[in-house]
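*Asks:* Here's a structure for you.
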Amino acid sequence: MKTPITLKINGEEHSFEVEPRTLLVHLIREQANMTGTHIGCDTSSCGACTLLIDGKSAKSCTILAVQANGKEITTVEGLATAEGVHPIQEGFKENHGLHCGFCTPGMMLRAIELLEKNPDPTEEEIRWGISGNLCRCTGYNNIVKAIQYAGAKMRGDELPSTEPVFVE
Amino acid sequence: MIQCKTSKEIGGMGHSMKRKEDDRFVHGKGNYVDDVKLPGMLYMDIVRSPYAYAKIKNIDASAALEIPGVVAVVTGKDLEQYNLHWMPTLMSDTQMVLPTDTVMYQSQEVAAVIATEKYIARDGREAVKVEYEPMKALVDPYKALDEDAPLLRPDKEDQKDNHIWHWEAGQKEETDKIFENAEVTVKEQMHIPRIHVSSIETCGCVADYNKVDNHLTMYMTTQAPHAIRTVIALVAGHVGLTEEKIRVIAPDIGGGFGGKVPVYPGYVIAIAVSFLVGKPVKWIEDRSENLQADSFARDYHITAEMAGTKDGKILATRMKVLADHGYTDASANPSKFPTGMFSIGTGSYDYPNAFMEADAVYTNKPPGGVAYRCSFRVTEAVHAIERITDRYALEIDKDPAQVRMDNFIKKEQFPYQSPTGWEYDSGDYHAGLELAMRTVDYDGLRKEQAEKRKKGELMGIGLSTFTEIVGAGPSKDFDILGIKMFDSAEIRVHPTGKAIARFGTKSQGQGHETTYAQIIAEELGIPAKDIQVEEGDTDTAPYGLGTYASRSTPTAGAAAAMAARKLRDKAKKIAAYLLEVSEDDLEWEPGKFFVKGAPEKSKTIQEIVFASYTNHPQGMEAGFEATHYYDPPNLTFPSGAYICIVDIDTDTFEIKVRRFVAIDDAGHIINPMVAQGQVHGGLTQGIAPAMYEELIYDEDGNILNGTLMDYLVPTAVESPSWETGHTVTPSPHHPIGAKGIGESPTVGAPPAIANAIVDALKPYGITHLDIPITPYKIFKALKEKGVLDKPIAE
């Protein structure tokens, strides 16, 4: 038996027929065909599936699609606008905040909510803020830099240097 | 230190150019295997064994087959009809694709369910009833070698016990003699535990067999697409699926670290099913399956010994290793030396005698030791040598930094012949350690530590001064299933001066699209932004052995430079023709040839390329293309000097990494930003096994931490803020003097952290702790030493 639901995804209304057990991440990837949201684990531990539901970051493998009925969803595909990329996308690219790119969408969406709640976070606040998202490639240093860069950009502050710093 | 010969616009070597590949990733436009969706595609799920060792009495698929949407259930007996129930491993052992009678480890594949939808396949999996007769599992590798241990592999005709192979290197008699007579000898038993690569993307594939054309397209998570194509052809050739009919596509890969080198049964079953039903079949494993059944790493039990003088001269080392390979020997190693680079076990130190030996054993654990972000056991070897060097320093009561300085191979000794038979190409170990010590103010830290010790505080300073071996490898020493380990590059420059370059390697996040373009930009002067790099499609890329063992820059990077040089030779001929001068009258600067003494008379590389299609000399082949297959003359030998400072809470024994400075020498650096990113990532994958990660099994072979809920991958909170730097000793035999860097930090970090923690506990008589070193292990060790009944301040 399938249930009809409607979702606003990245500003557009969508209607779906889903099984009650369908996870939101599977709906987004398989039925809405937006594959930027990834799946990295089956225990809600890795955060690769993170997206925004009504502006709040959520792990979409932990939510049933029917629970999201009527909500507004933002995925990585919805970050860039006609005006250009989102500051967080720019931050990740400019600061080498990604290697394989698999965790990146979830990491960026988590960071957006973090910066909305706390526009100028300390390094420690960023580290705790993204501790629900695993990255196996970067060692996190440059993800922290990327989020600091995006914060500065969103606040309108001077942008920090994106050059790597080496021990001399 | 890092100098650029080219302008920023050209973007050759040394520029921290932003990565070309990032745009698609930050827009969610990456194309990973699970994103592939083909018309009519079926989904596969796998039934796995709850037991580590059991007879399969019966598999009843009837309930599963009644579920609408379940298309088929495949068992080992089904595959047996086509002789597809077994497959070769990378080490020429054999592995069941699906077992016909006995399961050999927990979570082994037992049957596959194929359905029209993902969820239905999972329903089908739950409905398959398997009747098992459990048997007593063999979990302890030492007990597996007991004379009366049950034989785990009766399927192998020559196998009389559970011993797989013996390997040795060095001088046994001389080394034993030195140990008998030495003033000081030290010995520690170490276990480098079983861990997992845990790339955030799990493994999977879409097998798409086209019956009409007899053609297989295989989208898969693989680090070595060409080698996999050959393996598929070797296994499936007898059913007519020959190599030219197979296309392996490795699209974007979400991290590999060695775990995506092996062939897993799921891939083979998907191919078999697609072949039988004529439809595309997708198999994507979940995280539990990935952790529980995919190739583990490490699991080496090592007895390490060092002999030396009282005043600090190392005279010899001995290492004896027992490698737990689980159900089958599927370890990723060049087949000429089964314990791979344990040859590097003598470290960065100069002494003439050493003896290394290793034995491998079967147990009821998952198979396939992969060289997780390391070259074929370098990590284990470096851990052993760096720990035993500290143990020796402790024994003679000398500072571990001083012992290292006194015993390093000196820079004028390169090329250096190691006692286990390798020729180290270049290095300056003193410079690296000096820079690391200066950065942390080493002497100041030792004073601070002495003060803290008086107050009973636990502070430790740990060093690791390692030499790595990467760039597998020279064909005289390296092959996988007989295929020699060269790598390749093909460059085609189009008439308007823009290029496409294709490689036999496969990035899993290392940034090849940018760095390879920078190498070609360096050699030809064509801007890196005008060079599109492609990998991972066997129909278009030249044959190569793939990306692992930090081999992409040392092999395919060299191939790119060599192919570009072939083009530059051609460009020179065309320039001479266009400028109407002799080739000897021309000089090159990145991007153009000009006439000596008359720089205004010049031709840009773009003009030359255009002429190669429109106005080339009579008799010259048209076009501007070159291919090179690079067989390295030797390995490259990156090195590093790492210093870690830890503070340990005296109540909770929580370990805090206060600082970690990593000085790497990888020769010439192509893109410093990318190289630093590799070091950051590798260091976090180094702290992981040192303090958090271990695959734990109980005595029945049950895995106790088979999900990310309890297998502790470090988050941003556990990962420190890393400090990195370089010394530059170019490799003398590499075309661009590069050595590779991707795995140095994974190799170098664990012993630095372990040495720091053991150093913190030095006042309490603790000489060694096995990684991962947890607060509980420290607590237990102190308790055993009897120091915890009293205030620790004493």
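The values are calculated or read from the model by the stated rules, or taken from the named source; none is laboratory data. Here the structure is a predicted model, which is why all the values come from computation and not from measurement. All Cβ positions, even for glycine, are placed from backbone atoms using ideal geometry, and neighbour counts span all protein chains on display.
*Asks:* In the set B:H680, B:H734, which member is crowded, with 22+ Cβ neighbours inside 10 Å and touching a Gly at 6+ places or on another chain (Cβ under 6 Å)?
*Replies:* B:H680
*Asks:* Please work out which residue is surrounded by the most Cβ atoms within 10 Å (Cβ to Cβ), limiting yourself to segment B:194-217 and to residues that are in contact with a strand residue (DSSP E or B) (Cβ under 9 Å, 6 or more places away or on another chain) and of a type in the set (D, E).
*Replies:* Ranking the candidates gives B:E201 first.
*Asks:* Hey, another quick one. Would you pick out the residues in segment A:109-129 that are closer than 19 Å to A:Q89 by Cβ and either surrounded by fewer than 14 Cβ atoms within 10 Å (Cβ to Cβ) or polar (S, T, N, Q) (or both)?
*Replies:* A:E116, A:P119
*Asks:* Only one of B:G69, B:G76, B:G30, B:G40 is at pLDDT 95 or above, of a type outside the set (A, V, I, L, M) and in contact with a Leu (Cβ under 6 Å, 6 or more places away or on another chain); which?
*Replies:* B:G76
*Asks:* Moving to a separate point now. Check off (1) within 17 Å of B:A752 (Cβ to Cβ); (2) within 13 Å of chain A (Cβ to nearest Cβ); (3) surrounded by 22 or more Cβ atoms within 10 Å (Cβ to Cβ); (4) among the polar types (S, T, N, Q) for B:S721 and give me the number that stays unchecked.
*Replies:* Tallying (1) within 17 Å of B:A752 (Cβ to Cβ); (2) within 13 Å of chain A (Cβ to nearest Cβ); (3) surrounded by 22 or more Cβ atoms within 10 Å (Cβ to Cβ); (4) among the polar types (S, T, N, Q), B:S721 fails exactly one: (3).
*Asks:* Right, something else. For segment B:182-238, which positions are closer than 23 Å to A:C137 by Cβ and β-branched (V, I, T)?
*Replies:* Selection gives B:I192, B:I195, B:V197, B:I200, B:T202, B:T221, B:T222, B:I228.
*Asks:* I'd like the full set of residues that are of a type in the set (F, W, Y) and either facing chain B (nearest Cβ under 7 Å) or under 18 Å from A:T50 (Cα atoms) (or both), limited to segment A:133-159.
*Replies:* Correct list: A:Y140 only.
*Asks:* Which one is farthest from A:P4 (Cα to Cα), of the residues in segment A:39-51 that are part of a loop (DSSP other than H, G, I, E, B) and not polar (S, T, N, Q)?
*Replies:* Applying the filter and picking the extreme gives A:C46.
*Asks:* Among residues belonging to segment B:625-656 that are under 25 Å from the mean Cα position of the chain (by Cα) and among the hydrophobic types (A, V, I, L, M, F, W, C), point out the one that is farthest from the other protein chains (Cβ to nearest Cβ).
*Replies:* Here the residue is B:L635.
*Asks:* So B:P50 fits all but one of (1) away from chain A (no Cβ under 12 Å); (2) buried (at least 20 other Cβ atoms within 10 Å of the Cβ); what number is the exception?
*Replies:* With (1) away from chain A (no Cβ under 12 Å); (2) buried (at least 20 other Cβ atoms within 10 Å of the Cβ) applied to B:P50, the lone miss is (2).
*Asks:* Output yes when any residue across segment A:47-58 is surrounded by fewer than 17 Cβ atoms within 10 Å (Cβ to Cβ), in contact with a strand residue (DSSP E or B) (Cβ under 7 Å, 6 or more places away or on another chain) and modelled with pLDDT of 95 or more, and no when none is.
*Replies:* The answer is yes, given that some residue of segment A:47-58 is surrounded by fewer than 17 Cβ atoms within 10 Å (Cβ to Cβ), in contact with a strand residue (DSSP E or B) (Cβ under 7 Å, 6 or more places away or on another chain) and modelled with pLDDT of 95 or more.
*Asks:* Would you pick out the residues in segment B:11-40 that are under 30 Å from A:M1 (Cβ atoms) and within 11 Å of another protein chain (Cβ to nearest Cβ)?
*Replies:* Scanning segment B:11-40 gives B:D34, B:D35, B:V36, B:K37.
Let's see how each residue does on (1) within 14 Å of another protein chain (Cβ to nearest Cβ); (2) over 28 Å from B:S16 (Cβ atoms); (3) touching a Ser or Thr at 6+ places or on another chain (Cβ under 6 Å):
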residue: B:G682; (1), (2), (3): yes, no, yes
residue: B:G686; (1), (2), (3): yes, no, yes
residue: B:D700; (1), (2), (3): no, yes, no
residue: B:G706; (1), (2), (3): yes, yes, yes
residue: B:Y711; (1), (2), (3): yes, yes, no
residue: B:S744; (1), (2), (3): yes, no, no
residue: B:V747; (1), (2), (3): no, no, yes
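*Asks:* While we're on this one: Does segment B:313-331 contain at least one residue that is farther than 30 Å from B:H768 by Cβ, of a type in the set (K, R), at pLDDT 95 or above and in contact with a Ser or Thr (Cβ under 9 Å, 6 or more places away or on another chain)?
*Replies:* Scanning segment B:313-331, I find no residue that is farther than 30 Å from B:H768 by Cβ, of a type in the set (K, R), at pLDDT 95 or above and in contact with a Ser or Thr (Cβ under 9 Å, 6 or more places away or on another chain), so the answer is no.
*Asks:* Of everything in segment A:15-38 that's surrounded by fewer than 18 Cβ atoms within 10 Å (Cβ to Cβ) and in a loop (DSSP other than H, G, I, E, B), which residue is farthest from the other protein chains (Cβ to nearest Cβ)?
*Replies:* The selected residue is A:P20.
*Asks:* Tell me the helices (runs of 4 or more DSSP H) entirely within segment B:377-491 that contain at least 2 residues that are under 30 Å from the mean Cα position of the chain (by Cα) and among the aliphatic types (A, V, I, L, M).
*Replies:* Where helices (runs of 4 or more DSSP H) fall fully within segment B:377-491 and carry at least 2 residues being under 30 Å from the mean Cα position of the chain (by Cα) and among the aliphatic types (A, V, I, L, M), they are B:378-395, B:400-407, B:429-440.
*Asks:* Given A:G132, A:G151, A:G106, which one is buried (at least 24 other Cβ atoms within 10 Å of the Cβ), not in a strand (DSSP E or B) and not basic (K, R)?
*Replies:* After ruling out the rest, the residue left standing is A:G106.
*Asks:* Within segment B:247-272, work out how many residues are more than 26 Å from the chain's Cα centre (by Cα) and surrounded by fewer than 24 Cβ atoms within 10 Å (Cβ to Cβ).
*Replies:* Looking only at that region, the number is 0.
*Asks:* What are the pairs with Cβ atoms under 8 angstrom where one residue, in segment A:53-67, is free of Cβ contacts under 8 Å to residues at least 40 places away in the same chain and under 18 Å from A:G129 (Cβ atoms) and the other, located anywhere, is acidic (D, E) and not in a helix (DSSP H, G or I)? Sequence gap at least six, or different chains.
*Replies:* Within 8 Å, the pairs are A:I53/A:E72.
*Asks:* Sticking with this one: Mind listing just one residue for me: the one in segment B:190-229 that is over 28 Å from A:D42 (Cβ atoms), part of a loop (DSSP other than H, G, I, E, B) and not β-branched (V, I, T) and, of those, farthest from the other protein chains (Cβ to nearest Cβ)?
*Replies:* B:N214
*Asks:* Right, next: Tell me, please, whether a residue that is within 24 Å of B:I253 (Cα to Cα) and without any contact (Cβ under 8 Å) to a residue 40 or more places away in the chain can be found in segment A:112-129.
*Replies:* No, because not a single residue in segment A:112-129 is within 24 Å of B:I253 (Cα to Cα) and without any contact (Cβ under 8 Å) to a residue 40 or more places away in the chain.
*Asks:* What do you reckon, is B:Q106 over 21 Å from B:C205 (Cα atoms) and either in contact with a helix residue (DSSP H, G or I) (Cβ under 7 Å, 6 or more places away or on another chain) or within 14 Å of another protein chain (Cβ to nearest Cβ) (or both)?
*Replies:* Spelling it out, B:Q106 is indeed over 21 Å from B:C205 (Cα atoms) and either in contact with a helix residue (DSSP H, G or I) (Cβ under 7 Å, 6 or more places away or on another chain) or within 14 Å of another protein chain (Cβ to nearest Cβ) (or both).
*Asks:* Can you tell which of A:I63, A:I130 is modelled with pLDDT of 95 or more, more than 7 Å from every other protein chain (Cβ to nearest Cβ) and under 24 Å from A:C41 (Cα atoms)?
*Replies:* A:I63
*Asks:* To continue, here is another question. If I ask for residues that are farther than 30 Å from B:F478 by Cα and touching a residue at least 12 places away in the same chain (Cβ under 8 Å), which ones from segment B:533-575 would you list?
*Replies:* Within segment B:533-575, B:R568, B:K570, B:A571, B:K572, B:K573, B:I574, B:A575 qualify.
*Asks:* Identify all residues within segment B:277-320 that are in a strand (DSSP E or B), among the hydroxyl-bearing types (S, T, Y) and surrounded by 24 or more Cβ atoms within 10 Å (Cβ to Cβ); write none if there are none.
*Replies:* B:Y300, B:T317
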